[in-house]
Every structure is written in structure tokens, then in C-alpha cells.
1. Ordered by packing density, taken as the mean number of other Cβ atoms within 10 Å over each peptide's residues, highest first, how do 153-159, 70-76 rank?
2. For q values of 0.17, 0.19, 0.21 Å⁻¹, compute log₁₀ I(q)/I(0) with the Debye formula on a Cα-only model of the stretch 3-157, without solvent.
3. Going toward the positive end of the dipole of the stretch 3-157, with +1 on Lys and Arg Cβ and -1 on Asp and Glu Cβ, which of S9, T25, A148 do you reach last?
4. Compute the accessible area per residue over the stretch 21-126, keeping the other protein chains in place, probe 1.4 Å, unit Å².
5. Output ³J(HN,Hα) for the stretch 94-108: one whole-Hz value per residue in order, computed from phi by the Karplus curve 6.51 cos²θ - 1.76 cosθ + 1.60 with θ = phi - 60°, and x for Gly and Pro.
6. Putting +1 on Lys and Arg Cβ atoms and -1 on Asp and Glu Cβ atoms, find which of P62, L48, F87 reaches farthest to the positive end of the dipole of the stretch 9-104.
7. In the stretch 3-157, what percent of the accessible surface is made up of carbon and sulfur (1.4 Å probe, ligands and nucleic acids excluded)?
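The values are calculated or read from the model by the stated rules, or taken from the named source; none is laboratory data. Predicted, not measured: the structure shown is a model, and the values here were computed from it. Glycine also receives a Cβ, built like all others from the backbone with ideal geometry; neighbour counts cover every protein chain displayed. When the accessible area is computed, the model is the full protein with side chains, heavy atoms only, and any ligands, DNA or RNA have been set aside. Shrake-Rupley method; radii C 1.70, N 1.55, O 1.52, S 1.80 Å.
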Amino acid sequence: MKNLVLYFSVYETTKAVATEIAKQTGADLVEIEPVKPYDGDRSHYNALARYAKKEHDEDMRPAIKNKIDISGYDNIFIGYPMWWYTFPMIIYTLFDALDFSGKTIIPFNTHMGSSDGGTYRTIAELEPNATILKGLPIEMSDAERGCADKVKKWLKIININK
Ligand SMILES: Cc1cc2nc3c(=O)[nH]c(=O)nc-3n(C[C@H](O)[C@H](O)[C@H](O)COP(=O)(O)O)c2cc1C
């Protein structure tokens, strides 16, 4: 089985989880890169929060810069931070652009209290012809402390090996 980890991350918390998953599964790691970069300086959080809210309220589809090819993969991990109680709008862009029919999607996310916020169910609705495995929500502070054990336990439960 060929595994791919796709992730979107601004403050690099989700990136840390994605990197750990790739390490433990032998997956290829691909970042979802926006054409218009987001400000990763945490001291500018309020501006990012406002901008993300606008994207959400206006149902925007921020463009993805890199070409993402999922054709050679069976299991595709998809990771993102919670933004305004759902996933960032660029994740909608991803699901609009790619067809995951026949693939297995394994969602994961970082958050500050919202857990997955119902996003795993949203993914199942957006991709009815994919199999969705149990996802992994990780608190930002836990992810920053190191998430190797949590990832290991979860991979065992969903039975994904290297
Ligand atoms: C614009 C914005 C909106 C956020 N909204 C939520 C939210 O609704 N619920 C939540 O639990 N955390 C929320 N957070 C916290 C992020 O999910 C958390 O900081 C995450 O770990 C960041 O991931 P990253 O480091 O990969 O960018 C928000 C953060 C930002 C920047």
C-alpha cells in the first residue's frame, strides 16, 4: 500500500504531526501550498483570524500553488488546523480539485479546543466514494510537545503500517 500525507499548516503545528505520521508510515509528505501565503507570525494572530473569517464567510476557495497528484496512492492522510470551527477554506479547494473516489482518506487536525469540529463528517460528505478512517485530532500544545506516542497508538488502531 502506498501512503501519502497531505497537509496545510501556517504555524507549523500540523506540519509537525504530518511529519511524524510520514516518519512512522513511510509515507510521502506533501504540503498544500497556497498561492497567496498566510502570515505565519504568531504575533499577527488577530489579522490572520480576521482574514480567515472573511474567507469563511465569503465561501472563498483559496488557490493551491503546487500540483498535487494522488493517483499513485491508496491511503491519503489529510491534515489541517481548525479555523473558525471548521477546516481552512483551502481544504475545500483541495476537495474541489481532486477526486478521492476509491481512495482511503485518513484525516487529522490540530486545534485549540474544537477537536475535529465535525470536519471528518464533512469530508465523508464531500467524498462519498472514498473510505474514511478514524481521524486524529491533536491539541496544539500536545502537538508541540511531541506527538509520536499518540500517532503510534492511532496508527495501530486504524491498522496502518509502514
Ligand atoms: C484563523 C484561526 C482560526 C482558529 N480557529 C480555531 C477554532 O475554531 N477552534 C480551535 O480549536 N482552534 C482554532 N484555532 C487554533 C488552531 O487550530 C491551532 O492553533 C492549530 O494548531 C494551528 O495549526 P498550524 O500550526 O498547523 O497552523 C484557530 C487558529 C487560527 C489561526
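1. 70-76, 153-159
2. After summing over all Cα pairs, the log10 values are -0.99, -1.27, -1.58.
3. A148
4. Heavy-atom accessible area per residue stands at 51 Å².
5. 4, 6, 5, 7, 10, 9, 9, 4, x, 8, 9, 9, 10, x, 8
6. L48
7. That share works out to 50 percent.
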